[in-house]
Amino acid sequence: MRSILFIVLFCLVAGNFVCLAAGVDMLALYQETGAALLETEFQAWLLLAPEYNQVPVAKLLAEIAGEFGYELTGSIEESSFQERFEQAFALVNLSGAAGWLTVQRLPNYPLASGSETYLGLRAVRQGAWPDLAAYRERATTEFGRFGRKTDLQFFTTLIGTRGGKLSKDEREEIVGRVRSLAEAELVETFSEGELTTYAFVSPHLPDLLQVGARQMNLHLAFRYNEFENQTYIYLGNPIIAPDY
């Protein structure tokens, strides 16, 4: 499935640290799936203030990386798609995680008045990420210099596997456990081929996201890989941000 990034760029809503009531967090929710956790991914996206729309994306990325004190581990790369999308991106050195910083611009987005420029940070760590709050706090402080905090959105995704292909009953059992622990309401389901997804809204989770006519803040997906004979299980707040 294509990355949910396109939705990310146009549905920014403010949020707080990914934490449930009564001390239950995303890791506890993921443990209900019975999967072996492979990696945790964190993303932060900000709609930049209008004055940055005229700055070339590569120059803007270099200035922001310098302002944040990020050490680039490679050169800044650029790409574009016709005249409707352009971006600059670079790998950054983050303690304990693989980091990626980008500036993306949509010059002619039809629902906006002029250009829109977004700043994004993606960081991935193997296994659990117990100190993720520190990255979130840092992004809140740093990104806040370049736009409104109400235009800042966070995404957290946990990815792991279980051996073999899960039956429908096994998937539904997992869905029930996650839903019960989060006290979540099922918003919608989707199934295509070996992919099945569930969207929820929980009163205990932050980062509520409007997707179409619905709001959600918890996203669970199962995808069976026949070549590996493994079922990949994804859990995201508010949605699963990377490709799946």
message: With the cut-off at 1.5 for a/c, could you classify region 30-169 from its C-alpha gyration tensor as rounded, prolate or oblate?
response: prolate
query: Mind listing the phi-derived Karplus ³J(HN,Hα) values for region 194-205, rounded to whole Hz, using 6.51, -1.76 and 1.60 with θ = phi - 60°, and x for any glycine or proline?
result: 8, 10, 9, 10, 9, 10, 10, 10, 10, x, 9, 9
message: With θ taken as phi - 60° and the coefficients 6.51, -1.76 and 1.60, list the Karplus ³J(HN,Hα) couplings across region 92-100 in order, rounded to whole Hz; mark glycine and proline as x.
response: 10, 8, 10, 5, x, 8, 7, x, 8
- prompt: Which ³J(HN,Hα) values in Hz, rounded to whole numbers, follow from the phi angles of region 152-166 under the Karplus curve 6.51 cos²θ - 1.76 cosθ + 1.60, where θ = phi - 60° and Gly and Pro get x?
  reply: 9, 10, 10, 9, 10, 10, 10, 10, x, 9, 10, x, x, 9, 6
query: Under a Cβ-Cβ cut-off of 13 Å, what is the net charge of the residues other than ASP131 that fall near it, where Lys and Arg count +1 and Asp and Glu count -1?
result: +1
message: For a quick check of understanding: with a 1.4 angstrom probe and all protein chains in place, what accessible area in square angstrom does THR73 have, to the nearest ten?
response: 80
statement: Carbon plus sulfur, as percent of the 1.4 Å-probe accessible area of the chain, comes to 50
query: Label-point separation (nm) for GLU51 and PHE85, each offset 7 Å from Cα along Cα-to-Cβ?
result: 3.0
field: Lys, Arg +1 and Asp, Glu -1 on Cβ, resulting dipole of region 146-244 about Cα centre, debye, nearest 20
entry: 260
field: Anisotropy class of the chain from Cα gyration tensor, a/c 1.5 cut
entry: prolate
query: With each pseudo-label sitting 7 Å past Cα toward Cβ, what's the SER167-ALA213 distance in nm, one decimal?
result: 3.6
field: Spin-label pair ALA98/SER75, simplified geometry with 7 Å Cα→Cβ offset, distance in nm
entry: 2.2
query: Could you state the number of Å between the C-alpha centres of region 146-205 and region 209-244?
result: 6
query: For the chain, the longest stretch holding no trypsin sites (Lys or Arg not before Pro) located in a DSSP loop with at most 11 other Cβ atoms within 10 Å is which?
result: 3-144
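Please compute the length gained on full extension between ARG148 and LEU38, using 0.36 nm multiplied by the number of residues separating them and subtracting their Cα-Cα distance.
Computed gain between ARG148 and LEU38 is 36.2 nm.
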- request: May I ask you to list the chymotrypsin sites (Phe, Trp or Tyr not before Pro) in region 103-186 that are in a DSSP loop and have at most 13 other Cβ atoms within 10 Å of their Cβ?
  value: none
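The values are calculated or read from the model by the stated rules, or taken from the named source; none is laboratory data. As the structure is a computational prediction, the values presented were derived from the model and not from experiment. Cβ atoms come from the backbone with ideal geometry, glycine included; neighbour counts cover every protein chain shown. Ligands, DNA and RNA are stripped out before the accessible areas are found, and what is left, the full protein with its side chains, is counted by its heavy atoms. Shrake-Rupley method; radii C 1.70, N 1.55, O 1.52, S 1.80 Å.
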